[in-house]
Amino acid sequence: MSKTALKKFNSFGIEASCDSFTTFKSEAELSNWLAENKKNPNKVFVIGGGSNLLLIGHIPLEFIHADIQGISYQDNGNDVLVKAGAGVNWHQLVLETLDKGYFGLENLSLIPGNVGAAPIQNIGAYGVELKDIFVELDAVEIATGDRITFSHQECDFAYRYSIFKGSLKGQYIITSVTLKLSKLADLKLDYGPIRKVLTEANKETLSPKDVSDAVIKIRSSKLPDPNELGNAGSFFKNPIVTTEKYALLKETFPELVAFKVDDNRYKVAAGWLIEQAGLKGYRLGDAGVHKQQALVLVNYGDASGKDILNLARHVSKVVLEKFTVTIEPEVWILGEATW
Ligand SMILES: Cc1cc2nc3c(=O)[nH]c(=O)nc-3n(C[C@H](O)[C@H](O)[C@H](O)COP(=O)(O)OP(=O)(O)OC[C@H]3O[C@@H](n4cnc5c(N)ncnc54)[C@H](O)[C@@H]3O)c2cc1C
């Protein structure tokens, strides 16, 4: 079987290959093809924009890409239901809804990737997660081609998690996502420096577009653009620790950055742990920890998937030794080696 080169399909810009790469333009085409071809889900990988992947060497899988376009709107008075195809670029969807004056997606501006992947890890940024505006999604079962709708509850969303990373991992291809946005102002300004940036802009009334502009400004100053420096955003998830563990850490490291999740758990800033472990800007060949944002691993040019993986393992080991906290990848690792 001839191999398909994947360098331009992953935001790390890493050379890798897969057995085949098939693109579908509609749910019907995808569903019929799967019904006829009876694919084994373990032999298939669903790729979106490739912005959350670490590809290593040859990946002996058939890649499927749901390039389903189209955005439709259902006006329900103060609310609007927005249904977008899996292949719609996420940030284009955000911009289109902002142009219409709808509130809901402004804090999720500039997240790379496509709509179909957004529910998989319940994308989130600046105090908002997909689950906050999610209604339902349509999907096709890989093994049968059957179409099915998943409700909010059935997706089982949590921090960087949905059922599609758990018991239904690799079983479904999402074809469209429906969100509920609002025509009424409901801005979330308390996360990170959003409010500060908006105060500097000195506006009397704020539109969702103003908040989006602030988020874009903050993100652009912090995160490397994958078109200029290969990366997959945050490489690690923020680890969740018990309140007891948090108290012990805080005693030893009073500057520790962490956020209370509930009465029993704290979310620790993985970027802070990596930085305090002395690894910000650390480099192993062409694989590096970003100089401004320690949570992001970057490809300075010719890093292989294995180079990035070796760096990630080193970072995780040093953090564990210093803080006795395990950090785990947020990105999907595919290929010759696993985490
Ligand atoms: C610079 C940068 C910044 C980022 N910032 C953020 C951030 O702030 N918040 C955040 O949450 N993420 C962030 N990310 C990660 C990434 O943008 C998201 O995870 C995004 O949702 C991935 O979309 P994608 O289309 O590129 O998916 P891919 O990387 O192609 O795939 C990711 C996962 O989704 C699955 N998948 C993709 N499409 C489908 C589909 N149609 N049906 C079923 N499964 C599918 C894949 O199998 C894989 O498991 C960032 C990444 C980069 C490079």
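Structure values in brief
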| item | result |
| --- | --- |
| Residue that is in contact (Cβ under 8 Å) with a residue 12 or more places away in the chain, more than 14 Å from the ligand (Cβ to nearest atom) and assigned to a helix (DSSP H, G or I), where the choices are Leu189, Leu198 | Leu198 |
| Of all residues making up segment 247-271, the number that are outside any loop (DSSP other than H, G, I, E, B) and either aliphatic (A, V, I, L, M) or buried (at least 19 other Cβ atoms within 10 Å of the Cβ) (or both) | 9 |
| Only one of Glu154, Glu141 that is more than 9 Å from the ligand (Cβ to nearest atom) and in contact (Cβ under 8 Å) with a residue 24 or more places away in the chain | Glu141 |
| Leu297 within 18 Å of the chain's Cα centre (by Cα), under 16 Å from Lys237 (Cα atoms) and within 16 Å of the ligand (Cβ to nearest atom) | yes |
| Failed item, numbered, when Ala337 is tested on (1) of a type in the set (Gly, Ala, Ser); (2) modelled with pLDDT of 95 or more; (3) surrounded by fewer than 16 Cβ atoms within 10 Å (Cβ to Cβ) | (2) |
| Selection from segment 78-101 of residues that are surrounded by fewer than 22 Cβ atoms within 10 Å (Cβ to Cβ) and more than 13 Å from the ligand (Cβ to nearest atom) | Asn78, Asp79, Val80, Leu81, Lys83, Leu95, Glu96, Asp99, Lys100, Gly101 |
| Residue match in segment 171-180 (condition: within 20 Å of the chain's Cα centre (by Cα), more than 10 Å from the ligand (Cβ to nearest atom), farther than 26 Å from Gln292 by Cβ and polar (S, T, N, Q)) | yes |
| Test: residue in segment 148-155 that is aliphatic (A, V, I, L, M), buried (at least 18 other Cβ atoms within 10 Å of the Cβ), on the phi < 0 side of the Ramachandran plot and in contact with an Asp or Glu (Cβ under 8 Å, 6 or more places away or on another chain) | no |
| Subset of segment 78-94 (residues that are more than 16 Å from Phe134 (Cβ to Cβ) and either in contact (Cβ under 8 Å) with a residue 24 or more places away in the chain or among the hydroxyl-bearing types (Ser, Thr, Tyr) (or both)) | Asn78, Gly87, Asn89 |
| Residue among Leu189, Leu184, Leu179 that alone is more than 30 Å from Pro41 (Cβ to Cβ) and surrounded by 11 or more Cβ atoms within 10 Å (Cβ to Cβ) | Leu189 |
| Segment 117-130, subset near the ligand (Cβ under 7 Å from one of its atoms) and in a loop (DSSP other than H, G, I, E, B), residue surrounded by the most Cβ atoms within 10 Å (Cβ to Cβ) | Ala118 |
| Within segment 222-244, considering residues that are among the hydroxyl-bearing types (Ser, Thr, Tyr) and under 18 Å from Val319 (Cβ atoms), the one nearest to the ligand (Cβ to nearest atom) | Ser234 |
| Test for Ile133: is it within 21 Å of Ala66 (Cα to Cα) and either outside the structural domain of Lys209 (by TED's automatic domain parsing) or crowded, with 17+ Cβ neighbours inside 10 Å (or both) | no |
| One residue from Leu284, Leu223 being at pLDDT below 95, surrounded by 13 or more Cβ atoms within 10 Å (Cβ to Cβ) and of a type outside the set (Gly, Ala, Ser) | Leu223 |
| Contacts under 6 angstrom Cβ, first residue in segment 301-312 being farther than 10 Å from Leu54 by Cβ, partner surrounded by fewer than 19 Cβ atoms within 10 Å (Cβ to Cβ) and aliphatic (A, V, I, L, M), 6 or more apart | Leu311/Leu284 |
| Odd one out for Ala143, checked against (1) among the hydrophobic types (A, V, I, L, M, F, W, C); (2) surrounded by fewer than 18 Cβ atoms within 10 Å (Cβ to Cβ); (3) under 16 Å from the mean Cα position of the chain (by Cα) | (3) |
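Per-residue answers, yes or no, for (1) within 14 Å of the ligand (Cβ to nearest atom); (2) without any contact (Cβ under 8 Å) to a residue 60 or more places away in the chain; (3) in contact with a Cys (Cβ under 7 Å, 6 or more places away or on another chain):
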residue: Ser11; (1), (2), (3): yes, no, no
residue: Ile14; (1), (2), (3): yes, no, no
residue: Ser31; (1), (2), (3): yes, no, no
residue: Asn52; (1), (2), (3): yes, no, no
residue: Gly57; (1), (2), (3): no, no, no
residue: Ile68; (1), (2), (3): yes, no, no
residue: Asn76; (1), (2), (3): no, yes, no
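The values are calculated or read from the model by the stated rules, or taken from the named source; none is laboratory data. Note that the coordinates shown come from a computational prediction; the quantities given were computed from them, not determined experimentally. As a convention, Cβ positions derive from the backbone with ideal geometry for all residues, glycine included, and neighbour counts pool all protein chains shown.
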